[in-house]
Structures are given as C-alpha cells and as structure tokens.
1. Sort segment 1-144 into rounded, prolate or oblate with this rule: let a ≥ b ≥ c be the square roots of the eigenvalues of the Cα gyration tensor; rounded if a/c is under 1.5, and if a/c is not under 1.5, prolate when a/b is larger than b/c, oblate otherwise.
2. If you take the square roots of the eigenvalues of the alpha-carbon gyration tensor of segment 1-61 and sort them as a ≥ b ≥ c, do you get rounded (a/c under 1.5), prolate (a/b over b/c) or oblate?
3. What does the extension gain come out to for Glu87 and Ser163, with contour length at 0.36 nm per residue minus their alpha carbon separation?
4. Normalise the Cα radius of gyration of segment 90-143 by 2.2 N^0.38 Å (N = residues in it) and let me know the number.
5. Suppose a student asked you for the relative contact order of segment 1-126, using Cα pairs under 8 Å spaced at least 6 residues apart; what percent would you report?
6. Which one, Gly178, Met100, Pro138, is farthest towards the positive end of the dipole of segment 51-181 when Lys and Arg carry +1 and Asp and Glu -1 on their Cβ?
7. Could I have the simple spin-label model distance between Lys2 and Arg44, label points 7 Å from Cα toward Cβ, reported in nm to one decimal?
8. List the trypsin sites (Lys or Arg not before Pro) in segment 21-53 that DSSP assigns to loop (not H, G, I, E or B) and whose Cβ has at most 15 other Cβ atoms within 10 Å. Which are they?
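The values are calculated or read from the model by the stated rules, or taken from the named source; none is laboratory data. Predicted model only: the values in this text are computed from it and were never measured. Counting neighbours? That spans all protein chains shown, and the Cβs are built from the backbone with ideal geometry, glycine included. In case anyone asks, the SASA skips ligands and DNA or RNA and just uses the protein heavy atoms, side chains included. Shrake-Rupley method; radii C 1.70, N 1.55, O 1.52, S 1.80 Å.
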Amino acid sequence: MKIKRQKRVSRILKFFEMNFGVREPFKVLVDGTFCQAAFLGNMRVEEQVTKYLGGKTKLLTTCCAIKETEILSEMGSRCSVRVCGHEKNPVSAVLCLTSMIANGNPDHYVIATQDIDLRNKLRRKPGIPLVYVYFRAPVMEKPSLTSREKAKAIMKARLHPNSHQVSVLRRLKKEQLGQRSIRNKKTPENLEKPSDLDTLPCEKKKKSKKGKKQQQRKDTHVVGEKVEKSGKSRKRRRIRMAPHVRQHLDTGNGEVEPASNDS
C-alpha cells in the first residue's frame, strides 16, 4: 500500500478515534453489496481490510444480510454473525444496518457497503466510518459534514466547563478569597493613567505644522545680500550688466539716452 494512501486512512481513523471512540479492534459490519464487489474482484477481504485499516479487524454481518444474498455464504467462514434482533422476521439489509448503528453508533461499527443510497443515509448521522471497494481495494470515505460539526461541538464541550463546574468554582473562590477579591477588583477609577514613561525611549514627539512654520520664521535672518536660515547660508542671484551700462548708471542720473541714428 502506498504511503500517501496509508497516511490518509490513519488520519481519518484518528479523527473518529478522538471524537467518537472508534478504535481497535475495528468492527467492520459487512453487507451483501460489499461482499459481491469483493467476490467479483477476487479480493482477499479479511487480509486487505486488516492491512488497510492498520490494526486488528473483525468482519461482522447480520442474518438479514445473509438471507438477502447468497454470495455472502461463500464468505460465511470469515464473517461472524451479529445478533440484530430480526432473526424471526428478517428485514432488508439497509434497515438492518441502520438499526445496528442507531442511538449514536454505541458499538463503534465501521460500515462496509457499496449501496450508494445507504451511504448517503449514513452520512447524515455523525460518527460512522464508511468503507467501500474501489478498483479491487478497500477505500475509506472522509468524515462527513455532520461528523465534523459534531466533533467541533464535542471539542467545545470539553474545553468549556459546564454549569455544575462553574458553580463549584465560584463557591471555592468565595471560600478561599472571601471579600478580598471584591476589594482588589480594579475599577475604571482606580486604573492607572498612562504616563510619559510608558512611551518608547526612541520615539520622537510630533510637532504641529503651525509651530514648525513659526520656528522657520524665527530661524530666518536677512543680512545684506545673504540669507541665513538655521545656520545655512546661500547667496542671492545677481543680475549681470554690461560694463558701459554700469559705468553710466554710476556717473549719471540713472537715465539711459536713446541711441542716435547717424546717417
């Protein structure tokens, strides 16, 4: 058997073991359709099912399934007959197997069948592992949605205390602690307010934009042709003039005479 297939069935059996108590020896309840498929495929049912489940296995059936089909008689020596309560008035195998797993499957049966209608019916009940034949090999179905929801409810009940446990805990708390639990109880008035020490040492205080602009105005000083801003200086851009224009502006009244056109 391939490792991947073996890991898959062990994971499914672990789920049913932890949540519904299905453990060794596995009680495999067989019907006529499963035996017919195994007979047509020349399967060694007892050996293959035991190897597939990875533990001790008991193949079981009922008198109703025996009377429903004659193929099962060829495997009669390998299957033990389980008392179903229909010995005097036999019913169909579907009704018989359904009655065997009633009330939450208390005997932890593993149902082996090829009947699709029966498997669909059993999927609606939690905690029932299903096995069928596929390509001359036994295959176990994944846990149904009903089984998974039931497992979640069981796990939740295990983790949370019930009403009796809650009442006992409250009584013990009152006996041991008394009124001290009420005195030491923290109220919104007694809660300590966060101080500046709670902040991280490397965290810097944020400055508002308005204060930042005022600080920039204070740090800006105009001196001659230079602007000093927070220790940094930069020169203003000067307008370049021709030498004769500058000389005329320095000596004259600042007016430039228009050039004359000599003919």
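1. On the way: a/c = 1.71, a/b = 1.21, b/c = 1.42.
Since a/c reaches 1.5 but b/c is at least a/b, the shape of segment 1-144 is classed as oblate.
2. Numbers: a/c = 2.26, a/b = 1.41, b/c = 1.60.
Verdict is oblate for segment 1-61.
3. Numbers: separation 76, 0.36 × 76 = 27.36 nm, distance 4.50 nm.
Length difference between fully extended and current span is 22.9 nm.
4. Relative to the rule-of-thumb radius for its length, segment 90-143 sits at 1.11.
5. Values: 145 pairs, mean separation 38.0, N = 126.
Value for segment 1-126: 30 percent.
6. My answer, from the dipole projection, is Gly178.
7. 2.2 nm
8. Values: sites: Arg23, Lys27, Arg44, Lys51; in loops: Arg23, Arg44.
Here the trypsin sites (Lys or Arg not before Pro) that fit, given the DSSP loop and packing criteria, are Arg23, Arg44.
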